[in-house]
Structures are given as C-alpha cells and as structure tokens.
Amino acid sequence: MRQRTVIPFGPQHPVFPEPLQLKLHLEEERVIEAIPVLGYVHRGLEKLAEQKDFVQNVFLIERLCGICSFMHALCYCQGIESLIGLQVPDRARFLRTIWAELARLHSHHLWLGLLADALGFESLFMQVFRNREIIMDVIEATTGGRMIFCSCLIGGVRRDIPNDLLKETIARLDQAEKLLDQIAPVILAEYTVKERTANLGIVTKEQARKLGAVGPVARASGIAMDMRTLGYAAYGDLDFAPIVEEAGDCYARIVVRVKEMYQSFDLIKQAAKRMPKGEHALPIKRLLPDGETVVRVEQPRGELMYYIRANGSKKLERVRVRTPTYANIPPLLHMLTGAQLANVAAVAVLSIDPCISCVER
Amino acid sequence: MRELEAIEIGVDQLLGEAHLLAQDGWRLVTITCARSEDGCEVIYHFDKDLKLKHLRLQLALEQEVPSIMPIFFPAYLAENEAMNLYGLRVTGLNIDYGGRLFTTAEAPRHPMARPAGARGEE
Amino acid sequence: MGVYRWARQRSPWIVHFNAASCNGCAIEFFTAMTPIYDTERFGIINTGNPKHADILVMTGGANHRNARVIKNIFWQMPAPKAVVAVGVCACSAGIFHDCYNMLGGVDKVIPVDVYVPGCAARPEAIIEGILRAAELLAESGGEGVGGD
Ligand code: SF4
C-alpha cells in the first residue's frame with residue numbers, strides 16, 4: 001500500500017489571497033481527496049440583514065464581497081424592487097449595466113493577474129494590474145469609490161454619469177482595450193501557459209451539469225448558461241451571446257474569461273451608445289416590500305441567486321445568498337481529485353476564480 | 001403578498017421528487033432554510049434552461065429530513081450549512097461536518113434558529 | 001542613526017493575512033504592491049512566509065475560527081515586528097460589528113500598531129500605514145514592538 005499524507009493547504013498561502021483551507025489527501029504527489037474547511041471568513045451577514053431595515057441593507061450587502069460588490073447590490077435591489085412593484089427608469093437600467101460590466105472587467109483583470117502570479121509570470125501580473133488601474137480610475141470617476149461603489153440603490157442609481165463623462169469613460173476604456181490586446185495574446189498563445197493548463201482539471205459537460213457548475217466554469221465545459229440572457233437591467237436591449245468553449249479544462253476557462261473581458265468592453269460601448277435620457281432614480285417613500293422572490297444575476301464568477309422574503313414591514317424575514325463560488329466548489333473538488341500537488345494552487349483552484357468571502361458570508 | 005410558486009411536498013415525497021427532477025435534467029441551485037411559526041421551512045430551488053422550480057417543505061421542530069446528496073451532489077454544502085445555522089436534522093449525509101461547517105464551538109450553536117436580536121440588541 | 005535603524009526603515013518585508021473581510025481591502029492591498037503605487041520603491045516586499053516578515057498587514061476582522069490563525073502567524077514572526085490593521089473591518093469589525101460570529105477588530109487577538117481606516121482603505125493610505133509601521137520598527141532598537 002502506498003503511503004498517504006494529509007496536507008493542509010491554507011488558510012494562509014502565498015498565491016492565495018483568501019483564507020480557504022483545503023485538506024488534501026495525497027498518495028505520493030497525487031491528490032486523491034480534497035475536503036474544504038470553511039469558516040475563516042464567516043461573519044453572519046445573513047442574520048445581520050434581518051436586523052437592519054431594507055434600505056440600509058443595500059450598503060451591508062455590498063460588503064458581502066468587495067470584488068463583485070456592485071452585482072450583489074444590483075441583485076438585492078432588483079429583488080426588493082420586484083417586491084414593492086417598482087419599475088426603475090430606463091437610464092438607471094443602462095447605468096447599472098455599465099457599472100456591472102465595469103465590475104466584471106476589474107474582477108477578470110484581478111483574476112488574470114493572480115493567475116499570472118501563480119504561474120510565476122510576474123511581469124504579466126504587473127502589466128495586468130497596470131491595465132486594471134485604468135478601469136479602477138474609470139470606476140472612481142463615475143461612482144466615487146474604488147472597491148465598494150455604493151452606486152446602486154433601490155429605485156435606481158445614486159448618481160448619473162453625465163454625457164461628457166460618459167464619452168471620456170469610453171475613451172479611457174478604448175485605451176484599456178488596446179493594452180489588453182497586448183496582454184491577451186501572451187496568455188492565450190504562450191506555450192508555457194498552455195502546457196501547464198491544457199488537459200488539466202477536466203470537467204466534461206455531463207459532469208458540469210451534475211456538479212452544478214455555473215458561470216465561466218460551466219461555459220468552458222460547453223454549457224451556454226449566462227444569466228444575462230434573462231434580460232435584467234439593460235441586457236435585454238443589448239446584443240451579446242454567451243461565450244462557450246468545449247474542452248472543459250483549465251485552459252478553456254482561461255479562454256472564456258479573456259473573451260468575456262472583450263465582451264464587457266463591447267457591452268459598455270453598446271450601452272453608452274443607446275443610453276436613454278431621463279431621470280436616474282425614483283423615490284421609494286412609503287413603499288414597503290411584501291412577499292417572497294428569487295432573483296438571479298450573472299456575476300463575474302457565475303450565477304448569483306438571492307432569495308428574499310419580506311412581511312410588509314421595514315425588516316426582512318430572510319435573505320439567502322447563493323454565490324457562484326458556492327456552486328463551483330463541488331466542481332473544484334472534482335478537478336482536484338487526481339491532480340498533482342504542484343498544480344493545485346496555481347491552476348486548479350485559480351481556474352474557478354474562488355471568492356471565499358462570498359461563500360461564507 | 002407575492003408568493004413564490006413553490007410545490008408543497010411532504011418529507012416522505014422529497015427523495016422521489018428529487019429523483020424525478022434529476023432524471024429530467026434539472027440542476028440544484030441551492031437549498032434555502034427559513035424560520036416558520038412552528039419549526040422550519042426548507043425550499044429546494046432547481047433550474048433548467050434558466051427556468052426555476054421550487055419545492056417547499058414544512059418541518060416541525062426537530063423533525064428529520066433525508067439528505068438529497070446521493071441524487072444531487074452539490075447539496076452537501078447547503079445541507080451542512082442548514083445543519084449549522086438552523087440546526088436542521090439531515091440524515092444520510094456522506095460528507096458530514098457535524099453541524100460545524102462555518103462556526104466553531106465558541107460561537108452560538110445554531111445562530112439563525114432564533115429571530116434576530118440575540119447579540120445585536122444586547 | 002545606527003545601521004539597524006537604517007536597515008529596518010528601508011526594507012520592511014510584509015506578510016499579509018486576510019481574515020474575515022470582504023476582500024475589498026485585500027485587493028486594495030494587492031493593488032498597492034503593483035506598478036502604479038509601487039511599494040517596492042520603499043523597499044517593501046510582500047512575502048508569503050511569516051518567518052521572513054517584519055510587518056503583518058491584516059485585512060478584515062477576527063472571528064472565532066480565524067483567531068487562532070492570526071495568533072499563529074503573529075507569533076511566527078521574528079521580533080521586532082509591527083502590525084498594520086487595514087480597513088475598518090480590521091480596526092473594529094466595521095459594518096460587521098453586530099454579527100454573531102465576529103470577535104471584533106484584530107486588536108482583540110493581537111496587538112496592533114497602526115490603524116488604517118477606510119472602507120475600502122485606499123492604496124495610498126495603506127502605503128502610508130506601512131511606512132508608519134516601518135518607522136516604529138526603526139525606533140524599536142532591537143526590542144520588538146507589538147507584544148514581545
Ligand atoms: S473595511 Fe470595508 S472594504 Fe475593507 S474588508 Fe471591511 S467591508 Fe470590506
């Protein structure tokens with residue numbers, strides 16, 4: 001019988017910014033079982049959301065996750081709006097789309113940078129982060145914040161993007177897209193990257209269905225699932241199609257995300273072109289949510305689901321958040337089984353783009 | 001009052017219904033647990049081609065519920081979470097964290113099982 | 001000015017641990033390491049190993065499960081050492097103050113030398129905080145700051 005070892009991977013690990021612990025059962029260098037140990041970031045946010053009133057909750061929910069904070073607020077606001085029967089103005093819908101895509105861009109850049117770092121590609125990491133700063137600047141100019149936007153409110157958005165600022169934004173994004181043109185071929189065509197990631201952590205279409213994969217993980221396995229096709233915010237008015245790859249390995253997931261970055265640039269431009277005139281927020285005075293609803297939006301990492309139950313008072317009865325990484329942990333465990341220890345950190349874990357603070361709330 | 005279009009089922013029907021949905025190609029989105037007047041309410045959310053289906057289960061206090069993990073593997077996180085936060089009694093779990101998925105022995109045992117106010121309003 | 005003082009102020013190595021945070025501050029900390037903000041001009045290098053580090057940068061508050069990890073990392077660092085708490089979460093648990101699983105800021109678990117407020121703290125503020133901690137290191141003259 002070969003010897004078995006158990007290696008605790010994390011919670012503090014250099015390539016991994018977040019405290020996730022994986023207990024890896026190894027046979028020589030091969031992982032035969034991986035068990036996640038959660039709870040290092042568990043705060044108890046769902047209960048706190050029952051204690052605060054539903055307007056304050058927007059700001060709490062944003063702090064569920066710093067990377068996709070805008071999407072959380074968006075999803076929550078859409079849920080509350082459907083419960084109080086409010087139709088947000090057209091301009092707000094388009095502004096929300098722009099910010100959502102900006103959030104996706106900065107999240108994907110962050111992921112690309114961390115991946116490059118994990119592969120030992122430090123100059124690429126620096127390049128990606130330089131590019132990301134352009135997007136952060138745009139975000140700061142339009143919302144006032146860098147990580148936590150606080151720009152989505154129930155009934156609309158907190159502030160408008162005036163048309164001249166919008167023009168400037170597009171010009172800046174063009175610049176960022178050009179820089180991405182220099183980076184993307186490096187990561188996609190460089191044979192060292194391909195060699196390390198192709199045929200690794202394969203999730204077939206059938207397995208992805210069974211394991212409940214969402215977002216880029218599912219799309220890289222050939223499932224055309226993208227919540228944006230539900231047509232929330234302004235996505236119903238824009239032209240796009242989910243980006244799908246067939247291979248299901250780590251390389252396919254990289255390709256999907258890089259292509260999605262270009263798609264985001266395109267969506268922002270479309271939204272800016274068709275930006276309707278009008279007001280950007282409606283008052284919600286004296287409206288109270290009642291009933292229960294399920295809302296879903298597409299985050300950078302996949303499908304985000306909120307279940308909200310209200311009882312006609314200011315405080316909500318239940319807010320349940322199912323984040324994309326939560327759904328992608330079973331596929332991750334599947335990928336890790338059989339992987340080499342050296343590939344665990346760099347390739348397998350990062351290819352699902354984990355966000356642990358989302359999982360544990 | 002807007003209600004979710006959920007199919008009300010009993011505990012004994014759960015596994016059968018889950019089997020049917022699995023054969024039909026539905027994906028488990030998640031499991032939601034919530035407090036109700038006498039015990040606890042569990043909602044299973046399923047998705048197929050962007051359409052949603054919900055199964056709703058009313059449980060009395062301390063009533064046991066079978067795990068659907070053998071049918072839908074992704075259920076294990078959500079079921080362990082419900083065991084931790086709500087004290088739900090799930091039987092037949094293959095990966096069991098012993099009701100301590102998120103919290104440790106120092107934290108409240110089933111923090112969401114009682115209404116808010118335990119710590120915030122002290 | 002002795003050579004110790006000079007060396008400590010000019011090349012603080014940092015180890016970063018992300019406790020119960022929302023990632024916002026953690027990502028801003030990463031940003032502070034990259035070309036636009038470039039902490040390497042101050043000799044600041046991010047290492048993964050607490051045994052090589054002089055400064056512990058904490059983002060996010062302490063909860064029941066990660067308190068042990070925070071202590072562990074802190075005690076693995078050789079003296080003299082300093083702790084920087086980045087973001088209101090690390091300072092006082094911030095918006096999560098009333099959550100059932102939170103102990104509070106990191107100072108509930110380990111001694112903190114520099115508090116950087118902000119939600120999320122800006123990279124400029126983070127750099128300022130780290131430089132203040134480096135000054136403290138330089139002044140400590142051989143004994144540890146922060147707890148030893
Ligand atoms: S201070 Fe704010 S941005 Fe930073 S970790 Fe806490 S909630 Fe997130």
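The values are calculated or read from the model by the stated rules, or taken from the named source; none is laboratory data. Keep in mind it's a predicted model, so treat the numbers as computed, not measured. Using ideal geometry, Cβ is built from the backbone for each residue, glycine included, and neighbour counts are taken over all protein chains shown.
If the condition is being at pLDDT below 85 and either touching a helix residue (DSSP H, G or I) at 6+ places or on another chain (Cβ under 7 Å) or among the β-branched types (V, I, T) (or both), then the stretch C:32-43 contributes C:M33, C:T34, C:P35, C:I36, C:T39, C:F42, C:G43.
Anything in the stretch C:78-98 that is in a loop (DSSP other than H, G, I, E, B) and touching a residue at least 24 places away in the same chain (Cβ under 8 Å)? List them, or say none.
C:P78, C:A79, C:P80, C:K81, C:A93 - these are the residues of the stretch C:78-98 that are in a loop (DSSP other than H, G, I, E, B) and touching a residue at least 24 places away in the same chain (Cβ under 8 Å).
Taking residues in the stretch B:89-103 that are hydroxyl-bearing (S, T, Y), and partners anywhere that are part of a strand (DSSP E or B), the pairs with Cβ atoms closer than 6 Å and at least 6 places apart or on different chains are B:T91/B:E64; B:T91/B:P66.
Got a sec? Which of C:L131, C:L136, C:L103 is within 16 Å of the ligand (Cβ to nearest atom) and either more than 10 Å from chain A (Cβ to nearest Cβ) or over 13 Å from C:C25 (Cβ atoms) (or both)? Don't jump to the end; show me each part of the working.
On the way: C:L131 fails: within 16 Å of the ligand (Cβ to nearest atom); C:L136 fails: within 16 Å of the ligand (Cβ to nearest atom).
Step by step, each of C:L131, C:L136, C:L103 is checked, and only C:L103 is within 16 Å of the ligand (Cβ to nearest atom) and either more than 10 Å from chain A (Cβ to nearest Cβ) or over 13 Å from C:C25 (Cβ atoms) (or both).
If you go through the stretch A:10-68 and keep only what is touching a helix residue (DSSP H, G or I) at 6+ places or on another chain (Cβ under 7 Å), outside any loop (DSSP other than H, G, I, E, B) and under 18 Å from B:Y97 (Cα atoms), you end up with A:L24, A:A34, A:P36.
Counting only residues that are more than 12 Å from A:E50 (Cα to Cα), at pLDDT 55 or above and more than 8 Å from every other protein chain (Cβ to nearest Cβ), the stretch B:106-122 holds 3 of them.
Could you list, in sequence order, the residues of the stretch C:106-128 that are within 11 Å of the ligand (Cβ to nearest atom) and in contact with an Asp or Glu (Cβ under 9 Å, 6 or more places away or on another chain)? Listed by number, the residues that qualify are C:V116, C:G118, C:A120, C:A121, C:R122, C:I126. Just one of (1) more than 14 Å from chain A (Cβ to nearest Cβ); (2) of a type in the set (G, A, S); (3) within 13 Å of the ligand (Cβ to nearest atom) fails for C:G94. It is (1). For beta carbons closer than 7 Å, sequence separation of 6+ or different chains, a first residue in the stretch C:23-43 that is at positive phi and within 7 Å of chain A (Cβ to nearest Cβ) and a second that is outside any loop (DSSP other than H, G, I, E, B) and within 16 Å of the ligand (Cβ to nearest atom), the qualifying pairs are C:N23/A:S357.
Taking the stretch A:148-250 and the helices (runs of 4 or more DSSP H) fully enclosed by it, no element has 2 or more residues that are surrounded by 15 or more Cβ atoms within 10 Å (Cβ to Cβ) and at positive phi. Could you look through the stretch C:49-71, keep only residues that are within 16 Å of C:V84 (Cα to Cα) and not aliphatic (A, V, I, L, M), and pick out the one that is farthest from the other protein chains (Cβ to nearest Cβ)? In this case the residue turns out to be C:D54. Just to verify a result, which residue in the stretch C:1-16, among those that are at pLDDT 85 or above and in contact with an Asp or Glu (Cβ under 8 Å, 6 or more places away or on another chain), is farthest from the ligand (Cβ to nearest atom)? If we take residues in the stretch C:1-16 being at pLDDT 85 or above and in contact with an Asp or Glu (Cβ under 8 Å, 6 or more places away or on another chain), then C:W13 is farthest from the ligand (Cβ to nearest atom).
Are any residues in the stretch C:17-73 among the aliphatic types (A, V, I, L, M), outside any strand (DSSP E or B) and within 12 Å of the ligand (Cβ to nearest atom), and if so, which ones?
Filtering the stretch C:17-73 down to residues among the aliphatic types (A, V, I, L, M) leaves C:19-20, C:26-27, C:32-33, C:36, C:44-45, C:53, C:55-58, C:62, C:67, C:69-70, C:73.
From the residues that got through so far, the ones that are outside any strand (DSSP E or B) too are C:19, C:26-27, C:32-33, C:36, C:44, C:53, C:67, C:69-70, C:73.
C:A19, C:A26, C:I27, listed by residue number.
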